[in-house]
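The values are calculated or read from the model by the stated rules, or taken from the named source; none is laboratory data. Because the structure is predicted, anything quoted here is derived from the model rather than measured. When we count neighbours, we look across all protein chains shown, and the Cβ atoms used for this are built from the backbone with ideal geometry, even at glycine. SASA here: full protein model, heavy atoms, side chains in, ligands and nucleic acids out. Shrake-Rupley method; radii C 1.70, N 1.55, O 1.52, S 1.80 Å.
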Amino acid sequence: MAETRHTKVLIIGSGPAGYTAGVYASRAMLEPILVQGIEPGGQLTTTTEVENWPGDTEVQGPDLMVRMEAHAKAMGCEIIGDIITSLDTSARPFVAKGDSGTTYTADAVILATGARAKWLGMESEEKFKGFGVSACATCDGFFYRGQEIVVIGGGNTAVEEALFLTNFASKVTLIHRRDELRAEKILQDRLFKNEKIVPLWFNQLEEVYGTDAPLGVEGVKVRNVKTGEITDIPCKGVFVAIGHAPANELVKDVLELHNGGYVSVKPGTTETSIPGIFAAGDLTDHKYRQAVTSAGMGCMAALDAERFLAEQE
């Protein structure tokens, strides 16, 4: 039989923002319920080595998320493997429906549903994901010191990633379907001045190829969109940089959004346009998108929720 669960704070999402919110909300004696969602642990579960998490010279992304989950649990956060399919924000308590049939009611909600890198949807891209194919230069660029790599895309994301990757790579080939970039002018100027970056216009990715044992990228095949000619580019890394999509499905019609779908928060807080609903991590952050900034916002969201609830009483 479908049950209804009430909590002071419902946390939706289980990346660094969600689990950190769970730690802080538990320590504030708010007895939070955290619903993990479709990808427990979030984007870090698809990253192998993480070398920019403070206190760990190197840690596997999935291991870090297992530790964060255990930490939240140890503090008293109830963690449920369910997916929230709808959220009614029209009245308090807020009402969330779970895919399991459970209804969750909450006095405050922390949204930590994250964002997903946009992918091209190719079989060969999927095969090498995490083994030479990445969507995060700041996560993985370090592993390509002295190597040749390619970046796919033509917007701000692609140009920023290409510029960042020149810190490590010997050569960065930027592959774009058109002959002009959509990126901001200042970024374009920096890109064209950088001798390590070679733009390849009017081309799109056809295939990523490499070795099977061990799994690793050896190069890509690209196709000229005008002539159909196939070109082979040897490389060790492929960075797909066609943007990110915030996972805003639950709230895209009710909360104020910015920058193409990210949830707006009041400056210096995690407060959204609806009192009692807070947002943290990549769902609201189009700029930094790092595990450590997401965790910091998860802390802020729990403290903001605690203050909000105290004021209601």
Identify, please: which residue in region 105-149 is within 16 Å of residue 175 (Cβ to Cβ), in a strand (DSSP E or B) and in contact with a Lys or Arg (Cβ under 9 Å, 6 or more places away or on another chain) and is, among those, most open to solvent (accessible area, probe 1.4 Å)?
148
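Residue-by-condition table, conditions (1) at pLDDT below 95; (2) assigned by the TED database to the domain that holds residue 162; (3) open to solvent by 70 Å² or more (accessible area, probe 1.4 Å):
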site	(1), (2), (3)
235	no, yes, no
258	yes, no, no
261	yes, no, no
273	no, no, no
283	no, no, no
289	yes, no, no
293	no, no, no
297	no, no, no
302	no, no, no
Residues of region 215-233 classified as free of Cβ contacts under 8 Å to residues at least 60 places away in the same chain and open to solvent by 50 Å² or more (accessible area, probe 1.4 Å), total
10
Of 36, 43, which residue is open to solvent by 10 Å² or more (accessible area, probe 1.4 Å), within 24 Å of residue 248 (Cα to Cα) and free of Cβ contacts under 8 Å to residues at least 60 places away in the same chain?
36
Just to be sure before I move on: is residue 268 of a type in the set (Gly, Ala, Ser), more than 13 Å from the chain's Cα centre (by Cα) and either surrounded by fewer than 16 Cβ atoms within 10 Å (Cβ to Cβ) or under 30 Å from residue 97 (Cβ atoms) (or both) in the structure I sent?
yes
List the number of the failed condition for residue 87; all other conditions in (1) in the same structural domain as residue 279 (by the TED database); (2) open to solvent by 40 Å² or more (accessible area, probe 1.4 Å) hold.
(2)
